[in-house]
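Before any comments, here is the structure.
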There are 2 protein chains.
Amino acid sequence: MAHQPGLNESLLAFHQVNVLQKWSMQQFIDGMRRHHIGAIAIWRDKLREHGATAVARMLTGTGLHVTSLCAAGLIATPDPGEGASAIEDVKRAIEEAATIGADSLMFVAGGVDPRDKNLESTRQRVVDRLAGLTSHARAADIRIALAPLHPMACASRSVLNSLRIANDWCDALEAEDVFGIAIDTYAVWWDPDLPRELARAGKRICNFHINDWLEDTQDLRLDRGMPGDGLIDIPGIRRMVEAAGYTGHREIEIFSARWWQRDPDEMIRIVKERYHTAV
Amino acid sequence: MAHQPGLNESLLAFHQVNVLQKWSMQQFIDGMRRHHIGAIAIWRDKLREHGATAVARMLTGTGLHVTSLCAAGLIATPDPGEGASAIEDVKRAIEEAATIGADSLMFVAGGVDPRDKNLESTRQRVVDRLAGLTSHARAADIRIALAPLHPMACASRSVLNSLRIANDWCDALEAEDVFGIAIDTYAVWWDPDLPRELARAGKRICNFHINDWLEDTQDLRLDRGMPGDGLIDIPGIRRMVEAAGYTGHREIEIFSARWWQRDPDEMIRIVKERYHTAV
């Protein structure tokens with residue numbers, strides 16, 4: 001790996017999902033302050049253990065910047081009743097994100113339904129339902145971050161599987177103040193369209209999630225790697241993201257059952273080291 | 001699932017990998033005849049237990065059509081010496097494919113190397129090395145079937161991750177008599193470019209592999225599903241493949257540790273049933 005010059009630590013963000021199993025919300029907030037990390041993403045299931053108002057109170061005075069509330073969505077169902085309930089839940093998440101002062105709400109589309117199996121109509125349904133959320137998000141001043149997931153999540157989690165699809169959706173939604181795009185190295189690294197679509201995304205990029213693809217990946221969802229431990233040219237992607245105009249946080253987000261077993265303080269020390277050597 | 005009209009059984013092909021663990025080469029050949037299946041793909045590791053000449057002898061008089069020898073490739077390495085060895089191995093595979101009278105040799109590109117991590121140069125290296133195999137394959141009258149694998153195989157098995165890349169490579173190679181494309185439902189089903197790129201591929205399509213994506217997929221390589229058990233609109237993809245001009249076999253190829261535990265005769269009965277209801 002080529003030597004990386006040290007990056008500005010004030011742009012390092014740490015995702016709560018990294019330490020989901022070992023630390024409560026309060027332990028997480030305290031840990032971030034102890035390690036002088038200034039920006040965090042909040043995991044929605046953890047937030048809901050307390051409610052958004054209580055979490056906002058816990059955050060008051062800490063100086064912690066909240067990059068996003070993660071996640072809401074799963075609005076791809078072909079059933080209109082289920083769709084309406086799912087949309088109501090996204091609206092609640094928008095309120096929660098506003099309550100804790102998050103920059104954005106991470107949006108995960110939902111997968112293909114076995115009752116349907118039609119990808120084209122599923123994708124169209126998601127865009128139509130997103131359009132219906134525009135004024136609600138605008139009123140709350142919350143950016144909805146469309147998060148392309150890896151194509152291997154198409155069945156189970158999201159039919160939004162490439163940056164090109166995200167750009168196409170943003171074009172169709174015509175609400176650049178509301179809909180942004182979250183880039184995740186894990187989701188997009190393989191994509192030959194990446195340079196072109198990052199340039200096209202430009203100011204739409206509102207979150208940048210960083211983690212690595214392990215050569216011996218054991219699980220489709222919970223085996224992401226620490227930056228530097230895998231095959232992704234993370235510095236190359238970071239440079240393209242920043243050349244596209246993104247100036248925000250570089251957020252380490254590692255969904256990993258392996259890392260969940262580790263001591264959070266040790267993990268944070270490794271993240272801070274890798275931020276300089278592998279990001 | 002919508003009712004499918006019965007398909008022509010003479011176009012059903014069965015991949016040896018489906019019964020890799022329970023049946024020897026001879027048991028496989030005998031099983032295919034017993035179940036009146038007329039076309040097969042041969043798994044290269046199995047072939048090498050006997051050598052191509054011996055397998056050709058076993059096939060003589062059976063009437064079995066060999067759609068492909070599967071697989072060779074893995075020529076993505078940045079190391080020139082390793083690259084030269086890998087190319088020699090592909091040449092041996094071309095000879096083996098010719099010896100058993102296969103239509104094509106399934107080509108798997110190879111993944112990203114940790115010494116390199118550069119996807120663009122890795123892909124270019126594969127195309128350059130493929131170009132060097134053109135005259136060899138032409139002399140042997142073997143089609144090299146470029147097989148896009150799912151993007152989740154990019155690190156470990158293949159940097160050829162979409163049909164668009166395969167079409168771009170065919171354009172660059174300028175040898176339409178030698179280089180074809182193998183469509184695998186599992187690799188391409190999520191791709192919004194699929195309709196356009198299938199039409200673009202047209203007569204390049206030389207193999208069509210069918211299997212399903214299970215909602216609860218447990219493994220990145222060995223948990224493919226029986227057609228009908230998953231989320232893929234297989235009939236929809238088959239119709240597009242055939243509308244593009246493909247008239248060849250519909251080959252059931254299920255890499256699955258689950259199915260390897262089952263009785264091969266039972267599996268074949270289920271494949272024949274699903275060929276009519278889910279393909």
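Read-outs throughout are calculated quantities, based only on the coordinates presented, and are distinct from any laboratory measurement. Computed from a predicted model, the values in this text were never measured in an experiment. For neighbour counting, all protein chains shown are included, and Cβ atoms are generated from backbone atoms with ideal geometry for every residue, glycine included.
In nm², what is the average projected area of the convex hull enclosing the Cα atoms of the range A:96-234?
Over all viewing directions, the range A:96-234 projects a mean Cα-hull area of 9.1 nm².
Taking every residue in B:111-117, how many Cβ atoms of other protein chains lie within 10 Å of its Cβ, on average?
What the average comes to for B:111-117 is 4.
Report the label-to-label distance for A:Ser24 and B:Arg196 in nanometres (one decimal), using points 7 Å from each Cα along the Cα→Cβ vector.
If labels sit at A:Ser24 and B:Arg196, their model points lie 5.3 nm apart.
With springs only between Cα atoms under 10 Å apart, run a GNM on chain B and tell me which of B:Arg221, B:Arg164, B:Arg34 wobbles the most.
Per the Cα network of chain B with a 10 Å cutoff, B:Arg34 tops the list.
Would you mind working out the magnitude of the charge dipole of the range A:200-279 relative to its Cα centre, with +1 at each Lys and Arg C-beta and -1 at each Asp and Glu C-beta, to the nearest 20 Debye?
540 debye
Taking only Cα atoms and a 10 Å spring cutoff, compute GNM fluctuations for chain A and point out the largest among A:Cys206, A:Cys170, A:Cys70.
Judging by the Gaussian network model, the answer is A:Cys170.
Report, for B:Asp79, each distance to the same residue's label point in the other copies, shortest first and in nm; define the point 7 Å along Cα→Cβ.
Relative to the other copies, B:Asp79 has label-point distances of 5.5 nm.
Considering all alpha-carbon pairs of the range B:205-279, what whole percent are spaced by more than 19 angstrom?
35 percent
Among B:Thr185, A:Thr247, which comes first, second and so on when ranked by fewest other beta-carbon atoms within 10 Å?
Taking fewest neighbouring Cβ atoms as first place, the list is A:Thr247, B:Thr185.
Volume per residue, Å³, of the convex hull around the alpha-carbon atoms of the range B:1-125?
It comes to 165 Å³ per residue, whole-number rounded.
Once you place label points 7 Å from the Cα toward the Cβ at B:Arg221 and A:His136, how far apart are they in nm?
4.4 nm
Size of the range A:118-176 along its principal axes in angstrom, Cα-based, largest extent first?
On the principal axes, the range A:118-176 reaches 34, 19, 19 Å in Cα extent.
Semi-axes, largest first, in whole Å: what does sqrt of 5 times each Cα gyration tensor eigenvalue give for the range A:9-277?
27, 22, 18
Say a label goes 7 Å from Cα toward Cβ at B:His36 in every copy; what distances in nm does this one have to the rest, shortest first?
Result for B:His36, in nm, nearest copy first: 7.8.
Please compute the modelled spin-label separation between A:Glu266 and B:Thr60, points set 7 Å along Cα→Cβ, answer in nm with one decimal.
6.4 nm
Rounded to two decimals, what is the ratio between the C-alpha radius of gyration of the range A:106-148 and 2.2 N^0.38 Å?
1.31
Tell me, what is the Rg over Rh of the protein assembly as shown, with Rh the Kirkwood radius over Cα pairs?
Reported Rg/Rh, Kirkwood definition of Rh: 1.00.
Hey, got the dipole for the range A:9-277? About the Cα centre, +1 on K and R Cβ, -1 on D and E Cβ, debye to the nearest 20?
Computed about the Cα centre, the dipole is about 420 debye.
About its Cα centre, how strong a charge dipole does the protein assembly as shown have in debye, to the nearest 20, once Lys and Arg get +1 and Asp and Glu get -1 at the Cβ?
180 debye
Mind listing the phi-derived Karplus ³J(HN,Hα) values for the range A:109-114, rounded to whole Hz, using 6.51, -1.76 and 1.60 with θ = phi - 60°, and x for any glycine or proline?
Once rounded to whole Hz, the list reads 5, x, x, 6, 9, x.
In whole Hz, with x marking every Gly and Pro, tabulate ³J(HN,Hα) for the range B:203-212 from phi via Karplus 6.51 cos²θ - 1.76 cosθ + 1.60, θ = phi - 60°.
Karplus-based 3J(HN,Hα) across the range B:203-212 equals 5, 5, 5, 10, 8, 9, 9, 10, 6, 10 Hz.
What percentage of all Cα-Cα pairs in the range B:164-208 are separated by more than 13 Å?
Summing the P(r) of the range B:164-208 above 13 Å gives 52 percent of all pairs.
Considering only the label points, 7 Å along Cα→Cβ from Cα, what distances in nm to one decimal separate B:Thr277 from the same position in each other copy, shortest first?
5.6
Gaussian network model of chain A, Cα springs within a sub-10 Å range: biggest mean-square fluctuation belongs to which of A:Gly110, A:Gly63, A:Gly101?
Of the options given, A:Gly63 has the highest mean-square fluctuation.
When you have a sec, figure out the Kirkwood radius of the range B:189-244 from all distinct Cα pair distances and drop it here in Å to one decimal?
12.3 Å
Which whole-Hz couplings ³J(HN,Hα) result when phi for each residue of the range A:8-15 is put into the Karplus expression 6.51 cos²θ - 1.76 cosθ + 1.60, θ = phi - 60°, listed in order with x for Gly and Pro?
Each residue of the range A:8-15 in turn: 5, 5, 5, 9, 6, 10, 10, 8 Hz.
For the protein assembly as shown: lysine pairs with Cα atoms under 25 Å, gap of 8 or more or different chains, count?
Lysine pairs meeting both conditions in the protein assembly as shown amount to 12.
Hey, what does the equivalent ellipsoid look like for the range A:11-51, semi-axes from the Cα gyration tensor as sqrt of 5 times each eigenvalue, largest first, whole Å?
Gyration-tensor ellipsoid for the range A:11-51: 17, 11, 9 Å.
Can you give the calculated 222 nm mean residue ellipticity of chain B, where each DSSP H run of n ≥ 4 adds -39,500 (n - 2.57) and the sum is split over every residue, rounded to the nearest 500 deg cm²/dmol?
That calculation yields -12000 deg cm²/dmol at 222 nm.
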